[in-house]
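Only one structure is covered here, and it is reproduced in the block below.
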There are 2 protein chains.
Amino acid sequence: MARLIDIAREAGVSEATVSRVLNGRSGVNEVTRTTVLDAARRLGRVVEPVAVGHGPVVGVLVPDLDNQVFSAWVERLEAELFETGASTLVGVRARTVEREREILQRFLHAGAVAIIVVSGHHAQQQSPLDHYREVTSAGIPLVLVNGVQRGLDAAFLSTDDEHAVRLVLTHLHELGHRTVGLAVGDEHTWPVREKLRAFEAATAGGDGPQPVAFTDFSYAGGYEAARELLDRGATAIVCGSDVMAAGAYEGIRSRGLEVPRDVSVVGYDDVFWASLSHPPLTTVRQPVASIARAAVRTALGGGEDSRRPARTEVVVRPQLVVRGSTAAAPSAAASMER
Amino acid sequence: MARLIDIAREAGVSEATVSRVLNGRSGVNEVTRTTVLDAARRLGRVVEPVAVGHGPVVGVLVPDLDNQVFSAWVERLEAELFETGASTLVGVRARTVEREREILQRFLHAGAVAIIVVSGHHAQQQSPLDHYREVTSAGIPLVLVNGVQRGLDAAFLSTDDEHAVRLVLTHLHELGHRTVGLAVGDEHTWPVREKLRAFEAATAGGDGPQPVAFTDFSYAGGYEAARELLDRGATAIVCGSDVMAAGAYEGIRSRGLEVPRDVSVVGYDDVFWASLSHPPLTTVRQPVASIARAAVRTALGGGEDSRRPARTEVVVRPQLVVRGSTAAAPSAAASMER
DNA sequence: CAAGAATGCGCAAGAACTTTCAGAACACGA
DNA sequence: TCGTGTTCTGAAAGTTCTTGCGCATTCTTG
């Protein structure tokens, strides 16, 4: 980095004047100040907006922003961080672990004082954890949302997916559905395993084997999964995301069936357009606001007080939002008509 | 701030060791390092994640993240910034100018080297500009997207809304629509005025007065506007956003009419769910990717080379995506049937 | 127009921080 | 047990940055 003496020579002033300018001290003529600033920039010296200092910055990492749940996460986290006086760095598209590592490094590099990761590779079962350790060992509090990993000095906050699926299954059973299909993404992923657990408990509960389709959380994934689950006799389909549910609608229609008359569909997330779809989607609302608040508090509060970011593990229960995509099972409806 | 010598005494080591620890130099025992770090924190010395330095950070300000266009903007801008090695700060909810100013200050405070504002208060006609000048006079390049203001030393990049509306009107005229309604938000806003201009040119073109409804860019706004425009004889409704179009669908249905048989609807933005709505929405696709690329290049490139962030003004043409919500006008369809 | 005040800048002292170098402490193999 | 090598640390010298002070220049006022 250019030294004061270099800048001084470049600007044709003394070292002292450069020092005063760079530290925002008074007693320097505006013209001289500009000359010095220009020289400093020419020599590649980082001229930070002085007199304003250095506010806290927190990194937020999400998988993408196309899925509206994740923009909702960013929106809530930014709101909470803003309240506490911090600024929000975002990172997107951490598709590979390598990429995720690069983004985390970028956060550290940008001076983040805490990092919050939503649905990152920590949700993956066999994921390496070294890149998270690089963060924690730098003394930066790490908060991981929707996923749990042993042996990591971080805080974990998750939606209670098992409970969510229980809520959904209870709702569908009350409507007379006996064969309920589950459409989810990668099996080795924390939220999927949680959902699966509740699902298998229900299977064991006496309704016989309940079909499960593993595709991915996209529209196309929902389409495929729905068609497969229909073939396996499902009269209701529980999707791992609202986008999947939209795809499921289309898959069901492609078989000449109608939602909810012939098949019920349940989404997950409760994104903006869920209530605008036809029929309006019954879905599970993630407790984004409360988790976001807790995440920010953990990220910023824990770091100062106890120095130890308290390896906490909190699970928050979501809420079932019943709209128009679930109805009585066809057979049940028939028996009711009788 | 505590000096090295103070920390050294507190930790019971030499000044040299403290210097090494604080600069992340190697050759210090892990135990000693921790002792020093603890002592430094006790004395209130900011222990930044050193050894990583200070990468460039760019601020991105959007009005909200509920509307998916804005998450798309953030997504693209983040992608472009990441490519060039910069990190992305986001600011949301700049509802008032005061708030916008606060967010911009926050960006400066966090060390942003450039700032990009999408659809901010610069789109407002009578908006004060002082808070933008605070940015530019700090030597920080400012890029303002979708809005133009005279007398500001910033770069302006916008979607060609006038052209967009021309495209839409041509499409609708070809389908036989003679009375086309425009549903937009605040009249004093740059994108609205641009759209209005093309609309009024069409009005003057011989089809007589074309109705315009000023509500807001929300779902409710679209609902209200659609009902008003139907009352005024419109057979096609051009909306200022896809969310408005979704509201318009509902408004049209509330009158017992059907899209597109009775009324055609055109949206604006081409958000993710536009193709999933029923019927799939004909809409205008904003050139988000190309503008985002140009914005980042202007923000980061212009600052170094010429020192002057080149008060540019670029307008990019959008694209009409024809789907299922536009069809021949009722009268024209009737005459075709004959 | 001159005296005094205010402002702006460089010199040089010295404060703050970094780095070199050598020695202490420890580990390990002969 | 004795070398030999490695790791870690502090003393001191070196580098970089800050600041008190005084001089020069410009502005202000009677």
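At-a-glance table
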item	result
Single unsatisfied condition, A:G139 versus (1) closer than 30 Å to A:T235 by Cα; (2) small (G, A, S); (3) over 15 Å from the mean Cα position of the chain (by Cα)	(1)
Selection count where residues are open to solvent by less than 90 Å² (accessible area, probe 1.4 Å), more than 8 Å from DNA strand D (Cβ to nearest atom) and farther than 12 Å from A:R45 by Cβ, scope segment A:1-16	2
Boolean, A:I116 is surrounded by 18 or more Cβ atoms within 10 Å (Cβ to Cβ), farther than 27 Å from A:F272 by Cα and β-branched (V, I, T)	no
Residue among A:L89, A:L65 that alone is in a loop (DSSP other than H, G, I, E, B), in contact (Cβ under 8 Å) with a residue 12 or more places away in the chain and either in the same structural domain as A:A114 (by TED's automatic domain parsing) or under 29 Å from A:Q124 (Cβ atoms) (or both)	A:L65
So A:H177, is it modelled with pLDDT of 90 or more, assigned to a loop (DSSP other than H, G, I, E, B) and surrounded by 21 or more Cβ atoms within 10 Å (Cβ to Cβ)	yes
Tally, over segment A:95-104, of residues that are away from chain B (no Cβ under 13 Å) and outside any helix (DSSP H, G or I)	1
Checklist (1) more than 11 Å from every other protein chain (Cβ to nearest Cβ); (2) crowded, with 24+ Cβ neighbours inside 10 Å; (3) not basic (K, R) applied to B:G247, failing item	(1)
Segment A:77-89, subset of a type in the set (G, A, S) and open to solvent by less than 20 Å² (accessible area, probe 1.4 Å), residue farthest from the other protein chains (Cβ to nearest Cβ)	A:A86
Index of the failed condition, A:L169 passing every other in (1) under 30 Å from A:G301 (Cβ atoms); (2) crowded, with 23+ Cβ neighbours inside 10 Å; (3) aliphatic (A, V, I, L, M)	(1)
Residue that is farthest from the other protein chains (Cβ to nearest Cβ) [pool: residues in segment B:17-33 that are open to solvent by less than 50 Å² (accessible area, probe 1.4 Å) and more than 9 Å from DNA strand D (Cβ to nearest atom)]	B:L22
From A:A183, A:A220, A:A202, A:A198, residue being touching a residue at least 12 places away in the same chain (Cβ under 8 Å) and surrounded by 24 or more Cβ atoms within 10 Å (Cβ to Cβ)	A:A183
One residue from A:V92, A:V36, A:V57, A:V74 being more than 8 Å from chain B (Cβ to nearest Cβ), open to solvent by less than 60 Å² (accessible area, probe 1.4 Å) and either on the phi > 0 side of the Ramachandran plot or among the β-branched types (V, I, T) (or both)	A:V36
Spans of strands (runs of 3 or more DSSP E) in segment A:259-338 with at least 1 residues at pLDDT 90 or above, touching a Ser or Thr at 6+ places or on another chain (Cβ under 6 Å) and buried (at least 20 other Cβ atoms within 10 Å of the Cβ)	A:264-266
Subset of segment A:105-137 that is part of a loop (DSSP other than H, G, I, E, B) and more than 16 Å from A:V62 (Cα to Cα) - its residue that is nearest to the other protein chains (Cβ to nearest Cβ)	A:A110
Test: A:E80 is free of Cβ contacts under 8 Å to residues at least 12 places away in the same chain, out of contact with any Cys (no Cβ under 7 Å at 6 or more places or on another chain), closer than 25 Å to B:E100 by Cβ and charged (D, E, K, R)	no
From A:V31, A:V13, A:V18, residue being farther than 30 Å from A:P287 by Cα, within 16 Å of DNA strand C (Cβ to nearest atom), part of a helix (DSSP H, G or I) and at pLDDT 90 or above	A:V18
Qualifying residue in segment B:138-146 (condition: hydrophobic (A, V, I, L, M, F, W, C) and either in a loop (DSSP other than H, G, I, E, B) or surrounded by fewer than 19 Cβ atoms within 10 Å (Cβ to Cβ) (or both))	yes
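The values are calculated or read from the model by the stated rules, or taken from the named source; none is laboratory data. Because the structure is a prediction, the values reported are computed rather than measured. Please note: Cβ atoms are built from the backbone with ideal geometry, for glycine as well, and neighbour counts cover all protein chains shown. For the accessible areas, the whole protein counts, side chains as well, though only heavy atoms, and no ligand, DNA or RNA atoms are used. Shrake-Rupley method; radii C 1.70, N 1.55, O 1.52, S 1.80 Å.
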